[in-house]
Amino acid sequence: MEDTFRFSDSFGPSRIIHVYRPALGLKAIVVVDNTACGPAIGGARMAPDVSLEECFRLARAMTWKNAAAGLPHGGGKSVIFGDPSMDAAAKEELIRSFAGALRDVTDYIPGPDMGTDERCMAWVKDETGRAVGLPGVVGGIPLDEIGATGFGLAACVDVARECIGLDLKGARVAIQGFGAVGKHAARFLANKGAVLVAASDTSGTLADPSGLDVGKLIDLKAAGRKLCDYDKGTKLSGDAILDADCEIWIPAARPDVVRADNVSRLRTRLVPQGANIPFTPEAEQALHDRGIVVIPDFIANAGGVICAAIEFRGGTQHEAFAYIEERIRDNTRAVLEESRRQSTPPRAAALALAERRVRSAMAMRRWR
Ligand code: NAD
């Protein structure tokens, strides 16, 4: 009992569901956190090493993210234990079975996350009637293809760099993780004049202080190859991305990659968090103490979920981009101003903003 309720506080989670189908090798966890603002939207992640704790922390991050973005949605998340590169037929069977188990969990709307994609969401929708981040042919806005989260990160950077007096033209960018989030963030920032000096994926870190060609790297990845297959630049270990000398360092891979034991290696001025919960609280505090501005995940990377929520209500890609730009710019500015006024890290200011919105929605609900 105690163990199951160890995450409980005044916001949630309202439900934790374990899904287990031994014959299929299916093990999954769903956390529906706070639904005061509306049905929860949150990604379905597939990885071999996910955990209940990771799922809860990600669900809570979605509660804050959706509230901060002013969406009529609460926060939730699901994790499926498994290797996302498994055989396609086995993956379809696993995802469909997972979705089938969630047919009656109508206050949770799954979206794509690490290890799942638009096709997976089409299977979920087919089984349950609910999913976001769908392929265009079934009513989706292909958020990863158009780079909704990367677009939002670039809008966030544009506001934050004003606050720290940084010129985006020539600003050096390093990105950990060159997937749906990282590559589009690189593209939108390069379009604004920034220079990608280092990027990493599971093959290692690729670095070039004179600048990497973002378009060529995107083409390389689209061809199914790795960053370290690129014929230019220096190839280093995956960990070396932490040491990249830059003005903007973007985490766009896994949780807790920057911790108390490695935070001193970061040499940057601004960190818009592309990944969810990429830094431990100690690491964020250490960066704040060094004057490095960290824009928290649930403000900086809200582009994807905003796009998903617009899709859910039948809106267009054009509307999604306009809403992302407006919301992320306003929130980044509000959070940085409040952080400066109160002399607190931006995360504390962002949390206060999101909590205020969730509490006022909870005050209008019967079960608070
Ligand atoms: P993705 O699977 O498309 O890309 C992940 C990238 O990270 C890949 O290039 C992979 O090679 C790389 N990677 C994995 N482990 C790594 C490691 N240890 N070191 C360096 N690189 C590593 O995933 P994504 O959709 O880009 O999501 C990345 C992160 O952003 C996740 O934390 C996700 O929750 C978060 N996020 C995604 C979206 C979205 O719209 N896709 C929105 C908000 C937040």
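Structure above, values below:
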| read-out | value |
| --- | --- |
| Cut-off under 5 Å, modelled amide H: who pairs with CYS37 long-range | GLY74 |
| The stretch 277-368: C-alpha gyration tensor shape, a/c 1.5 cut-off, then a/b vs b/c | oblate |
| Sparsely packed trypsin sites (Lys or Arg not before Pro) within the stretch 99-204, loop by DSSP, other Cβ within 10 Å at most 11 | ARG103, LYS169 |
| Only Lys, Arg (+1) and Asp, Glu (-1) charged, at Cβ; the stretch 124-208 dipole about Cα centre in debye | 180 |
| Estimated distance in nm for a label pair at ASN191 and ARG365, the labels positioned 7 Å out from Cα along Cα-to-Cβ | 3.6 |
| For VAL19, residues with placed amide H under 5 Å, excluding near neighbours | ALA28, ILE29, VAL30 |
| Separation in nanometres of the label points that stand 7 Å from Cα toward Cβ, at SER237 and THR316 | 5.1 |
| Computed label-point distance, nm, for sites GLU92 and PHE5 using a 7 Å Cα→Cβ extension | 4.4 |
| Selection from VAL137, ASN34, GLY193, by position along the positive dipole direction of the chain (Cβ) | ASN34 |
| Net dipole in debye of the stretch 1-124 [+1 Lys, Arg Cβ; -1 Asp, Glu Cβ; about Cα centre; nearest 20] | 180 |
| Estimated dipole of the chain in Debye, rounded to 20 [Cβ of Lys and Arg +1, of Asp and Glu -1, Cα centre] | 700 |
| Shape of the stretch 87-132, Cα gyration tensor, a/c cut at 1.5 | oblate |
| Full-stretch length increase - ASP330, ARG21 - with 0.36 nm per residue and alpha-carbon distance subtracted | 106.8 nm |
| Loop-located trypsin sites (Lys or Arg not before Pro) in the stretch 1-87 whose Cβ has at most 11 other Cβ within 10 Å (DSSP) | ARG6 |
| Globularity ratio of the chain, using Cα Rg and 2.2 N^0.38 Å | 0.94 |
| Sequence ranges 318-328, 108-118, 139-149, 283-293, ranked by mean other-Cβ count within 10 angstrom, highest first | 108-118, 139-149, 318-328, 283-293 |
| For the stretch 92-234: rounded, prolate or oblate by the Cα gyration tensor [a/c cutoff 1.5] | prolate |
| Top positive-direction residue, dipole computed over the chain with Cβ charges, set ALA222, ALA67, CYS246 | ALA67 |
| Beta bridge orientation in the chain: antiparallel %, DSSP, nearest 5 | 45 |
| Residue-span extension gain [GLU355 to ILE218] - 0.36 nm each, minus C-alpha spacing | 45.6 nm |
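Just so you know, all these numbers are worked out from the coordinates, no wet-lab data involved. Model, not experiment: these values are computed from the prediction. Here the Cβ is made from the backbone with ideal geometry for all residues, glycine too, and neighbour counts use every protein chain on show.
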